[in-house]
1. Looking for whichever is among the basic types (Lys, Arg), at pLDDT below 90, under 14 Å from the mean Cα position of the chain (by Cα) and open to solvent by 100 Å² or more (accessible area, probe 1.4 Å) here; the options are Arg52, Arg23. Which one fits?
2. Can you pull out the residues in region 5-20 that are modelled with pLDDT of 90 or more and open to solvent by 100 Å² or more (accessible area, probe 1.4 Å)?
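The values are calculated or read from the model by the stated rules, or taken from the named source; none is laboratory data. Treat the numbers as computed from the prediction; the structure is a model and nothing was measured. Note: accessible area is taken over every heavy atom of the protein model, side chains too, but ligands, DNA and RNA are not part of it. Shrake-Rupley method; radii C 1.70, N 1.55, O 1.52, S 1.80 Å.
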Amino acid sequence: MDVLLSLMLASVYQAATLLMESRQVIGLLAAFLAAVLAAHIGWHGTDRAIARRSRSED
């Protein structure tokens, strides 16, 4: 039982250490995804605004 508990604690500790070390990479990926999403939304928003203007002029 002690061996199992120590293995579980070691794996939790290793996972926590890995997350702390990879925090910067995760932040960089999150910032990149947010920028891509903002560009995508901005592109579609601009496209729809132009389409509305052209429909109202016709």
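1. Working: Arg52 fails: under 14 Å from the mean Cα position of the chain (by Cα).
Result: Arg23 is the single residue among Arg52, Arg23 that is among the basic types (Lys, Arg), at pLDDT below 90, under 14 Å from the mean Cα position of the chain (by Cα) and open to solvent by 100 Å² or more (accessible area, probe 1.4 Å).
2. Leu7, Met8, Leu9, Tyr13, Gln14 - these are the residues of region 5-20 that are modelled with pLDDT of 90 or more and open to solvent by 100 Å² or more (accessible area, probe 1.4 Å).
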